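Since the structure comes first, as structure tokens, the remarks are kept for the end.
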Ligand code: KIV
């Protein structure tokens, strides 16, 4: 039984995001990549589900998010959409599907909406992708932006450390955030930036809701990777991550019990057979 009952049971839209920001109601977002998890997450009262390109890490086992393809993201998105009734489904545009050529970005976004069934797309970056963002928005596709630590640029950054601690980078981030809001982005993920900077951006943006991950308590909402918050990746322990369950232990015990029962011929019993 869910411990949270949504204030509003209707399908979450970009308008609802704006309402929540204006009313100071925090926005809850988690990732999901498959039907079963998305259904559980939606039923627990989630506002938005991100089909993140973190699927490259947690579903496919890659070290970075770079290898996942547009076809693979569309596949994950379709699986999620089939499990969701209320939450808004946002799908990440993967590395290589929008950088450089705005027309390529628009074509990729259209595929995500048409074939994946998403309600919005998410892109990493600021001024360097602003023409692409404008083109996608012009096609009637809502855009969630992503600034701060943008994992698709890991090879430029060189590490996954906190971003925008230095004044120049912080100023650039604020300018980019304002530019993205001005273009029409309805939401902005801020990843691994100082809390004070995330608060400043959240205060400056009047229409675009900020969603933080490792960005402190003052953003309009929060997002985590579902496997991380459920404790399925025991080795991943960043400071910002709160574990709400220890599913690694639960699964290990359940699977171990099954193996032991099979080995001992204790499963199945006559009651479990036809
Ligand atoms: O891909 C992802 O899961 C993300 C979140 C960490 C924001 O972009």
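The values are calculated or read from the model by the stated rules, or taken from the named source; none is laboratory data. If you're wondering where the values come from, they're calculated on a predicted model, not measured in any experiment. Virtual Cβ from ideal backbone geometry, glycine too; neighbours counted across all protein chains shown.
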Among the residues of the stretch 97-119, how many are surrounded by 16 or more Cβ atoms within 10 Å (Cβ to Cβ) and not in a helix (DSSP H, G or I)? 6
Check the stretch 120-127 and report whether any residue there is more than 15 Å from the ligand (Cβ to nearest atom), part of a helix (DSSP H, G or I) and assigned by TED's automatic domain parsing to the domain that holds residue 183. yes
Output the number of the condition that residue 71 fails; it satisfies all remaining conditions of (1) closer than 27 Å to residue 153 by Cβ; (2) within 16 Å of the ligand (Cβ to nearest atom). (2)
So residue 162, is it within 16 Å of the ligand (Cβ to nearest atom), assigned by TED's automatic domain parsing to the domain that holds residue 33 and either surrounded by 16 or more Cβ atoms within 10 Å (Cβ to Cβ) or touching a residue at least 40 places away in the same chain (Cβ under 8 Å) (or both): yes
Can you confirm whether residue 156 is more than 16 Å from the ligand (Cβ to nearest atom) and either surrounded by 14 or more Cβ atoms within 10 Å (Cβ to Cβ) or free of Cβ contacts under 8 Å to residues at least 12 places away in the same chain (or both)? yes
Is the stretch 220-238 home to any residue that is more than 12 Å from the ligand (Cβ to nearest atom) and either part of a helix (DSSP H, G or I) or touching a strand residue (DSSP E or B) at 6+ places or on another chain (Cβ under 8 Å) (or both)? yes
Consider residue 35 carefully, then state whether it is over 30 Å from residue 204 (Cα atoms) and either touching a strand residue (DSSP E or B) at 6+ places or on another chain (Cβ under 6 Å) or away from the ligand (no atom under 16 Å from the Cβ) (or both). yes
Please count how many residues of the stretch 195-219 are away from the ligand (no atom under 16 Å from the Cβ) and touching a residue at least 24 places away in the same chain (Cβ under 8 Å). 6
Only one of these conditions is not met by residue 104: (1) closer than 25 Å to residue 181 by Cα; (2) free of Cβ contacts under 8 Å to residues at least 60 places away in the same chain; (3) within 17 Å of the chain's Cα centre (by Cα). Which number is it? (3)
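To keep it simple, each residue is scored yes or no on (1) in contact with a helix residue (DSSP H, G or I) (Cβ under 6 Å, 6 or more places away or on another chain); (2) over 25 Å from residue 8 (Cα atoms); (3) more than 16 Å from the ligand (Cβ to nearest atom); (4) assigned to a loop (DSSP other than H, G, I, E, B).
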site: 42; (1), (2), (3), (4): no, no, yes, no
site: 45; (1), (2), (3), (4): no, no, yes, yes
site: 53; (1), (2), (3), (4): no, yes, no, yes
site: 65; (1), (2), (3), (4): yes, yes, no, yes
site: 75; (1), (2), (3), (4): no, yes, no, no
site: 95; (1), (2), (3), (4): yes, yes, no, yes
Is it the case that some residue within the stretch 163-180 is assigned to a strand (DSSP E or B) and either touching a helix residue (DSSP H, G or I) at 6+ places or on another chain (Cβ under 9 Å) or under 21 Å from residue 224 (Cβ atoms) (or both)? no
What tally of residues in the stretch 15-27 results from selecting those that are buried (at least 22 other Cβ atoms within 10 Å of the Cβ) and under 25 Å from residue 78 (Cα atoms)? 2
Residue count, the stretch 49-75 (criterion: in contact with a strand residue (DSSP E or B) (Cβ under 7 Å, 6 or more places away or on another chain) and crowded, with 24+ Cβ neighbours inside 10 Å): 6
From 174, 133, grab the single residue that is within 19 Å of the chain's Cα centre (by Cα) and at pLDDT 95 or above. 133
Since residue 12 meets every condition but one in (1) surrounded by 16 or more Cβ atoms within 10 Å (Cβ to Cβ); (2) farther than 23 Å from residue 191 by Cβ, which condition does it not meet? (2)
